[in-house]
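Below is one structure, written out as structure tokens, with a few remarks after it.
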Amino acid sequence: MTWLKRERTGIKKKKEPRSDVPEGLWTKCEGCGEALFQTVLEENLWTCPHCDHHFRVPARTAIGYLADPDTFTERFAGLEALDPLEFRDAKLPYPERLKAAQQETGQKDAALAGVATIGGKPVNLVVMDFFFMGGSMGSVVGEKVARAIETAVAERRALVIVSATGGARMQEGILSLMQLAKTSALLVRLQEARLPFVSILSDPSTAGVLASFASLGDVVLAEPKALVGFAGARVIRQTIGEELPPGFQRAEFVLEKGFIDRIVHRKRMRDEVSHILEFFWRSTRGFAPDGGESPHAFRPALPSADGGPGTSARSR
Amino acid sequence: MSVWLDFEKPVMELELKIQELRAHAAEQGLEADDQLVELERRADALRRDIYARLTPYQRVQLARHPRRPYALDYIERCFTGWTELHGDRHFADDPAIVGGLALLEARPVMVIGQQKGRDTKENLMRRFGMPNPEGYRKALRLMQLAGRFHVPVVTLVDTPGAYPGLGAEERGQAEAIAVNLREMARLETPIVTVVIGEGGSGGALAIAVANVVLMFENSIYSVISPEGCASILWRDGKKGPLAAEALKLTAQDLLGLGIVDGILPEPLGGAHRDAAAAAATVRAAIVRQLDDLSGVSGPELVERRLGKFRGMGVFKESPA
């Protein structure tokens, strides 16, 4: 099954090698330390069969796990970042950083957008890629999310966004900040159009992205133990001058505090999202507009054979 | 007591000399002599010179100046009938955001602003102007109240950022900001924002999704503080001045990038040199903007606001 394949096997970094990136056939689990055979990890969608640790995966891989097989068609692929600030950090100009990230990941920027089906339901899907400059949101990521919202409205699709991000991209300065407002504001249109938005938080989903569309899903799901928070732990520790409680800003903590609907194992994510979409699909007679016809093939609902997910011990 | 910034030192020395000479002249019962006139002329020229060539980081320092007028200083001078309203109705009242009813000339407006403290005690209470989620939820409550009555909303931005605390995380700081961004977008009433000091990232934006965004000439607005940026990208928080250059966070930069709609001039030496004059500038600007927006329908205001933010971003697109 080609869609289970990890597309790139090594992301070069000069200093310490990343433990989440396999060097050879064996990968040490960050969760339990177990040495795992790469094919075993792939079979388990890059989760540890011993401790359920969820490894970070590139956007393409995540799409393979979430979308129905062979249904994803990329859109807005021609979008590429510019350097409006002529930003230069201690070592490199921003365009050089971009080029390096593009070479490392084979992606143009930190998100892939497109259309797909999940459980047979038409969705506009945006998946962020943490391996591209920390999944940071600049103008391109913001524009992809914006267009995904607009075309979801125009084509009557659900919106599904998988976040994997450290927040806004500093190298685009205030323009990155404005992507928070741009994407969040457009969600008004999605709500008015009565189309569902499922926001999936993978590790990590933080800062500016969490302070915009990622928090605004009609249903918010998270992968187990994903880091979900606004401010960095180090900054908070400095501010309050004390240690943070165990599990702070992990998905389980955030679920307990009431900002996530469900924590879902990666292996169950497609089924869960399918089930949730089915609910809205039925209630809108195939994502039909108010008083209009669905542009999709909508058959009057048949009783579901399995009653859907939700009974699994692994999902909450 | 005056507070002098490092780059103001040449002016400070002249001013101290002028004060000394004045005191001496008064003691001797003498008229101001030629030397004094000459010194004053030089001090003025020097100040103009320094303030005409401010670096981005010097503007950061001015935006954070401990004597800079804060939201309540403007509210007191620009409006009448100020009636502060408190609380988010869920958890607490956040003193880092003030909001309430006011009259601008005869016109009712809802005014909301981040509020820093003037001394240590007040700063502890107001968390140096860094709001908690309940602050943003209070702000939204007041904005929605204004929206129902078609009362214009005026927001005054002055925050280092949303508060990075344990409780803030537990109560959903990110969610509070995100909801404000979406809900401000659909408010069917005019919204005018003035960045009066620091526009610190999402914590500032959460009350700044406005039809018109204005900035004082020595205010800043940025995705991250220069020090925070420097500690990440330069691995040295002391490289803030370099990061401030790189981030393009001054009013002049932001006008050039099309992010803000106008720059309000400050009195020479910064808003803190003449709070009354600065407030008069703010007041005149708000009156003008609200006049311009007064005939616009609610849905049209939403359309324009959405369109304004929808257009933000710089990228290229090749045929896929």
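A short reminder: the numbers here are calculations on the coordinates, not readings from a lab. All values derive from a computational prediction rather than experimental measurement. Glycine gets a Cβ as well: all are built from the backbone with ideal geometry, and neighbour counts include every protein chain shown.
For the reader, a short list of remarks on this structure follows.
- Contour minus Cα-Cα distance for B:K238 and B:R283 (0.36 nm per residue): 12.5 nm
- Cα gyration tensor shape of the stretch A:119-172, rounded if a/c is under 1.5, else prolate or oblate by comparing a/b with b/c: oblate
- The stretch B:80-121 shape via C-alpha gyration tensor axes, a/c threshold 1.5: oblate
- Signed unit charges on C-beta, dipole axis of chain B, positive-most listed residue B:G100, B:V192, B:V302: B:V302
- Taking all Cα pairs closer than 8 Å and separated by 6 or more residues, the relative contact order of chain B comes to 16 percent.
- Normalised contact order of the stretch B:129-191, rounded percent, pairs of Cα under 8 Å and 6 or more residues apart: 56
- Neighbour-count order for A:V127, A:V153, B:V314, fewest beta carbons within 10 angstrom listed first: B:V314, A:V153, A:V127
- Farthest toward the positive end of the dipole of the protein assembly as shown, out of A:L85, A:S139, B:S2, is the Cα of A:S139, where the dipole comes from beta carbon charges about the Cα centre.
- In terms of surrounding Cβ atoms within a 10 Å radius of their Cβ, A:M128, B:M12 rank from fewest to most as B:M12, A:M128.
- Lys, Arg +1 and Asp, Glu -1 on Cβ, resulting dipole of chain B about Cα centre, debye, nearest 20: 940
- Mean ellipticity per residue at 222 nm, deg cm²/dmol - from DSSP H runs of n ≥ 4 across chain B, formula -39500 (n - 2.57): -14000 deg cm²/dmol
- The GluC sites (Glu not before Pro) of the stretch B:184-284 that DSSP puts in a loop, and whose beta carbon has at most 16 other beta carbons within 10 Å, are B:E188.
- Least to most buried among B:V223, B:V212 (fewest other Cβ within 10 Å first): B:V212, B:V223
- Cα centroid of the stretch B:132-158 to Cα centroid of the stretch B:249-320, whole Å: 18
- Of A:K28/A:K267; B:K17/B:K121; A:K28/A:K121; A:K108/A:K182; A:K99/A:K225; A:K225/B:K308, those spanning more than 26 Å from alpha-carbon to alpha-carbon: B:K17/B:K121; A:K28/A:K121; A:K99/A:K225; A:K225/B:K308
- Cα gyration tensor shape of the stretch B:60-310, rounded if a/c is under 1.5, else prolate or oblate by comparing a/b with b/c: rounded
- Only the Cβ atoms of Lys and Arg (+1) and of Asp and Glu (-1) were treated as charged; on that basis the dipole of the protein assembly as shown about its Cα centre amounts to roughly 1380 debye.
- When chain A is described by a simple charge dipole with +1 on each Lys and Arg Cβ and -1 on each Asp and Glu Cβ, the residue from A:T73, A:F197, A:P289 located farthest towards its positive end is A:T73.
- Couplings for the stretch A:124-138, taken from phi via the Karplus curve 6.51 cos²θ - 1.76 cosθ + 1.60 with θ = phi - 60°, read 9, 10, 10, 10, 7, 10, 5, 6, 9, 6, x, x, 6, 9, x Hz in order; Gly and Pro are left as x.
- Of the complete DSSP H runs in chain B, those spanning 20 angstrom or more by Cα along the long axis with a mean Kyte-Doolittle score not below 0.5 are B:275-293.
- Other protein chain Cβ atoms within 10 Å, averaged over every residue that makes up A:81-92: 5
- One chain, two ends: B:H86 and B:E13. Fully extended at 0.36 nm per residue, the span grows by 21.8 nm beyond their Cα-Cα distance.
- Amide H within-cut-off set for A:K28, under 5 Å, with H built and near neighbours excluded: A:L36
- Dipole check for the stretch B:223-270: with +1 at the C-beta of Lys and Arg, -1 at the C-beta of Asp and Glu, and the Cα centre as origin, the magnitude is about 240 Debye.
- Separation between Cα centres of the stretch B:5-57 and the stretch A:175-229, rounded to whole Å: 54
- DSSP H segments from chain A that extend 20 Å or more along their own axis, Cα-based, with Kyte-Doolittle mean of -0.5 or above: A:139-155, A:173-192
- Taking label positions 7 Å along the Cα-Cβ direction at both A:D68 and B:D49, the computed distance is 7.4 nm, reported to one decimal.
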